[in-house]
Amino acid sequence: MARKYFGTDGIRGRANGVITPELALKVGQAAGLVFKNGDHRHRVLIGKDTRLSGYMIETALIAGFTSVGMDVLQTGPIPTPAVAMLTRSMRADLGVMISASHNPYDDNGIKLFGPDGYKLSDEVEREIEKLLDADLDKRLARSADLGRAKRIDGVHDRYIEFAKRTLPRALEFDGMRVVIDCANGAAYRVAPEALWELGAEVFAVGVEPDGFNINKECGSTAPEALSRKVREMRADIGIALDG
């Protein structure tokens, strides 16, 4: 059965076209209601990439989640796997990544993760979709039960340590010259730092996001710049990321 909002990788489309503040607000409310199980204080972790529209979508999502009584943890720009990891690590009920990965800056998306850090099942996404077109006014939290939003620090360091632990402890990049193209996207801070901590001599490009230049003539969709930089720096390897 075709779904109205969710595709193969969350909800995606043109920012302020398909992904409007109204839709993001309803996603926050609907997902919050679906994942509010039990009497504990519920919370959701939200990460994003560097697109200009991320501010608008994040703010609308926060309004939606807090209006149904969920607390919000904001990470700022961080890679999608970091949202999955932090959702588990911080015992959140739900994780959200605002990103359209390799698409141009004027697209964006909303991807949801369960408390286990994995993508939601089709069944859960259908449950959220039913609520997106419903009148939720009578299911909003009482004034005293509204959620709070808080920006959390140290998430980049936590994710770098997690990523390093996935490698054999004896593995080091000492003496390697590595060019990393971060596509002016979500990994622009953590990727060069992780490689440097592993001992590599790092030459980073695509690390000056301005809200518009994500994936623009850089990253995995345009590897020519990386190729030139590898030759220029006589690097051992070049790595291209998407936004």
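The values are calculated or read from the model by the stated rules, or taken from the named source; none is laboratory data. The structure displayed is predicted, hence computed values, not measured ones. Virtual Cβ from ideal backbone geometry, glycine too; neighbours counted across all protein chains shown.
Annotations
- Enumeration of residues in the range 85-111 that are part of a strand (DSSP E or B) and touching a Leu at 6+ places or on another chain (Cβ under 7 Å): L94, G95, V96
- Just so you know, in the range 207-243 the residues that are of a type outside the set (G, A, S), over 21 Å from Y55 (Cβ atoms) and touching a Leu at 6+ places or on another chain (Cβ under 9 Å) include one that is surrounded by the most Cβ atoms within 10 Å (Cβ to Cβ), and it is C218.
- As for the range 133-148, it holds no residue that is polar (S, T, N, Q), outside the structural domain of N215 (by TED's automatic domain parsing), modelled with pLDDT of 95 or more and assigned to a strand (DSSP E or B).
- Check on G199, farther than 25 Å from Y55 by Cα, in a loop (DSSP other than H, G, I, E, B) and not hydrophobic (A, V, I, L, M, F, W, C): yes
- With respect to the stated conditions, A82 fails to be buried (at least 23 other Cβ atoms within 10 Å of the Cβ), touching a His at 6+ places or on another chain (Cβ under 9 Å) and in a loop (DSSP other than H, G, I, E, B).
- Residue list for the range 108-128, restricted to those being touching a Lys or Arg at 6+ places or on another chain (Cβ under 6 Å) and under 20 Å from A60 (Cα atoms): N108, G109
- Scan the range 170-192 for residues that are assigned to a loop (DSSP other than H, G, I, E, B), within 19 Å of the chain's Cα centre (by Cα) and not aliphatic (A, V, I, L, M) and the total you get is 5.
- Sole exception among (1) surrounded by fewer than 14 Cβ atoms within 10 Å (Cβ to Cβ); (2) of a type outside the set (A, V, I, L, M, F, W, C); (3) touching a strand residue (DSSP E or B) at 6+ places or on another chain (Cβ under 8 Å) for E172, by number: (3)
- Residues (part of a helix (DSSP H, G or I) and either in contact with a strand residue (DSSP E or B) (Cβ under 6 Å, 6 or more places away or on another chain) or surrounded by 15 or more Cβ atoms within 10 Å (Cβ to Cβ) (or both)) located in the range 113-125: V124, E125
- When I110 is tested against (1) of a type in the set (A, V, I, L, M, F, W, C); (2) at pLDDT 95 or above; (3) touching a strand residue (DSSP E or B) at 6+ places or on another chain (Cβ under 9 Å); (4) farther than 21 Å from G64 by Cβ, exactly one condition is not met: (4).
- Of the numbered criteria (1) modelled with pLDDT of 95 or more; (2) touching an Asp or Glu at 6+ places or on another chain (Cβ under 6 Å), the one E22 fails is (2).
- Unique match (being crowded, with 21+ Cβ neighbours inside 10 Å and part of a loop (DSSP other than H, G, I, E, B)) among T75, T50: T50
- The single residue among L195, L167, L136 that is surrounded by 12 or more Cβ atoms within 10 Å (Cβ to Cβ), more than 17 Å from the chain's Cα centre (by Cα) and touching a residue at least 60 places away in the same chain (Cβ under 8 Å) turns out to be L136.
- With respect to the stated conditions, A92 is assigned by TED's automatic domain parsing to the domain that holds G17, within 24 Å of L136 (Cα to Cα) and buried (at least 24 other Cβ atoms within 10 Å of the Cβ).
- In the set (1) touching a Gly at 6+ places or on another chain (Cβ under 9 Å); (2) surrounded by 13 or more Cβ atoms within 10 Å (Cβ to Cβ); (3) under 18 Å from T75 (Cα atoms), the condition left unmet by R151 is number (2).
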